[in-house]
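The values are calculated or read from the model by the stated rules, or taken from the named source; none is laboratory data. Just so you know, these numbers come straight off a predicted model, no measurement behind them. Note: ideal-geometry Cβ built from the backbone for every residue, glycine included; neighbour counts use all protein chains shown.
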Amino acid sequence: MPNMQPKAEESLDSAIRDLAQEFGFWSVCVALFNAARIKRRARNDVKHLPDYLLRDIGAPVVHEHLKPPRFNIWDIRL
């Protein structure tokens, strides 16, 4: 277990060199590229909140639930 812990005195250059030796240069490059693309910050998504909470925080209230329902052929009554 102590061998799995990163060493504080190990430089970034030597760590990348060790990874390149173990996994290959292109695999490390692709992994670094993908890690750079990932957005680390979570999105502030409030669309799941009810209307009264949206009004409390000052967000615009979307009235999607008040839109008229779409026409459904099965709703026709004879």
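Scanning for something at pLDDT below 75 and among the charged types (D, E, K, R), does segment 66-75 turn up at least one residue?
yes
Of these, Val28, Val61, which one is closer than 30 Å to Arg17 by Cα, touching a helix residue (DSSP H, G or I) at 6+ places or on another chain (Cβ under 6 Å) and either at pLDDT 80 or above or part of a loop (DSSP other than H, G, I, E, B) (or both)?
The unique qualifying residue is Val28.
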